[in-house]
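One structure is given below, encoded as structure tokens.
The values are calculated or read from the model by the stated rules, or taken from the named source; none is laboratory data. Since this is a predicted model, take the numbers as computed values, not measurements. Here the Cβ positions follow ideal geometry from the backbone for every residue, glycine too, while neighbour counts run over all protein chains shown.
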Amino acid sequence: MHYFKRCLAGITLSALAIPALASVGGGATIHNVATMNFDGGQVSAHVNVQVLTVGSTPTIVATSEQAFSGDTVVVTYSVTNTSNGADTFDLQVSTNDTGVGAPANLAIAPASLTLGASITSQPSAAGTVFIPAGSETNLAPGDRVRLNLGGTDYFYTISAVSPGMPATTSGNTTTPEVPTGLQLAPVGSAPAIVAGNIPVGTQIGEVGSFTVTLDAGAITVPGAGGSHEIEVQGTTAAPGPGGPGNVVVFTDTSGSVAVQSGEAVLTKAVRNVTLGGAFATTGVTARPGDVLEYRITASTIPGEDVTGAVLTDQIPQYSSYVEDSTSLNGTTFGAPDSGVFPFAGGGAAISSPGGTTGQILDGENAVVLFRVTVE
């Protein structure tokens, strides 16, 4: 009994722990070791806890584009990982359409994006920030990262990564963690990294990009514009050893395409075939029984095509249509027409020589000719 009391009196208990930050990099190792000293000896026991990635809605910024109906548009997105560790974002896309039909060939690329991130664990040194060892997954030289300093976003390029080593215990000897170092080169107005200007707890998120490609839909009301609001839906993977952290579902509607009404130019001229003479827009005369020929020319504004072009016209009062006299771009149109003007009533689609049905290509014209007899 006396021996037991003497041994118990000589025992001292202590614990050595790596303190966890309020937010710590995903993939970090929390190493805890307890040491017991007693008369004539010492023993240690330790346990490790792996830190999971906490899913977080990324910061997404998109461009806004303008287009005409049928144009292929590419909208570029910048996306920044705002979590504490590397995360994968699975993306889908849809549109909310106002004044235009749904777009064709809607696609997002890539549909899955993996970006690195971490949290600083020590104050910075000249040119280098420090993050927990093991949290450098998907952070590599050449990557662009964002740091928010004093409420302002600054961007840097990773020049080099020096992987660290988690804290370990062997026997009774504990080796403290060696943090991972990221050498950062400032981009644009970002301040240089100096000793202490990047504090502990600063989030570092990789910046990536994806694109949404669509063919602008057809204008619903001719002469009026419309828009495609692009809606990107996504989920985070929130990876981690032993299972995921919390997964976040997010939606972004920052991307849009304003669809302008296609502009075209339509001119109409006439000539007296019986008397001879050139096409003119004014000053043409005729007598009963004379044959008149009308010319309608449709063209586009420079740099744009016109799609869905439908021409409607009526035979002028005091005249009668000459059967099978209509042509489009020099080729007989609508014949045999049994004396019914092909563009009367609801009209008919026209196109330029190189266009598909209803399409007038930039730099080309659609030319319609038809004849009437003055009554």
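For this structure, a couple of remarks:
- Here Val145 meets the list (1) over 30 Å from Ser227 (Cα atoms); (2) surrounded by fewer than 21 Cβ atoms within 10 Å (Cβ to Cβ) almost entirely, failing just condition (2).
- Residue in the stretch 3-23 that is at pLDDT 80 or above and farther than 19 Å from Ala237 by Cβ present: no
- The stretch 78-94, residues that are surrounded by fewer than 21 Cβ atoms within 10 Å (Cβ to Cβ) and either within 30 Å of Thr220 (Cα to Cα) or among the aliphatic types (A, V, I, L, M) (or both): Gln92, Ser94
- Search result, residues across the stretch 270-319 that are over 21 Å from Gly345 (Cα atoms), small (Gly, Ala, Ser), in contact (Cβ under 8 Å) with a residue 24 or more places away in the chain and surrounded by fewer than 18 Cβ atoms within 10 Å (Cβ to Cβ): Gly289, Gly303
- Search result, residues across the stretch 291-329 that are of a type in the set (D, E, K, R), under 24 Å from Val265 (Cα atoms) and assigned to a loop (DSSP other than H, G, I, E, B): Glu304, Asp305, Asp313
- All conditions in (1) assigned to a strand (DSSP E or B); (2) under 24 Å from the mean Cα position of the chain (by Cα); (3) surrounded by fewer than 19 Cβ atoms within 10 Å (Cβ to Cβ) hold for Ala102, with the sole exception of (1).
- Condition met for Ala269 (touching a Ser or Thr at 6+ places or on another chain (Cβ under 6 Å), within 21 Å of Thr373 (Cα to Cα) and among the hydrophobic types (A, V, I, L, M, F, W, C)): yes
- Take the conditions (1) touching a Gly at 6+ places or on another chain (Cβ under 6 Å); (2) on the phi > 0 side of the Ramachandran plot; Gly330 misses just one of them, which is (1).
- Inter-residue pairs, beta-carbon under 6 Å, first not assigned by TED's automatic domain parsing to the domain that holds Val194 and in the stretch 126-152, second crowded, with 17+ Cβ neighbours inside 10 Å and not in a strand (DSSP E or B), 6+ apart: none
- Beta carbons closer than 7 Å, at least 6 apart along the sequence or on distinct chains, pair a first residue in the stretch 347-375 that is free of Cβ contacts under 8 Å to residues at least 40 places away in the same chain and in a strand (DSSP E or B) with a second that is crowded, with 19+ Cβ neighbours inside 10 Å and of a type outside the set (Phe, Trp, Tyr) for Ala348/Pro342.
- Total residues in the stretch 128-174, condition over 13 Å from Val187 (Cα atoms) and in a loop (DSSP other than H, G, I, E, B): 18
- Candidates are the residues of the stretch 348-375 that are more than 40 Å from the chain's Cα centre (by Cα) and not polar (S, T, N, Q); the one that is surrounded by the fewest Cβ atoms within 10 Å (Cβ to Cβ) is Glu375.
- The set of residues in the stretch 119-136 that are modelled with pLDDT under 95 and of a type in the set (A, V, I, L, M) comprises Ile119, Ile131, Ala133.
- Scan the stretch 183-207 for residues that are within 27 Å of Phe89 (Cβ to Cβ), in a loop (DSSP other than H, G, I, E, B) and free of Cβ contacts under 8 Å to residues at least 60 places away in the same chain and the total you get is 2.
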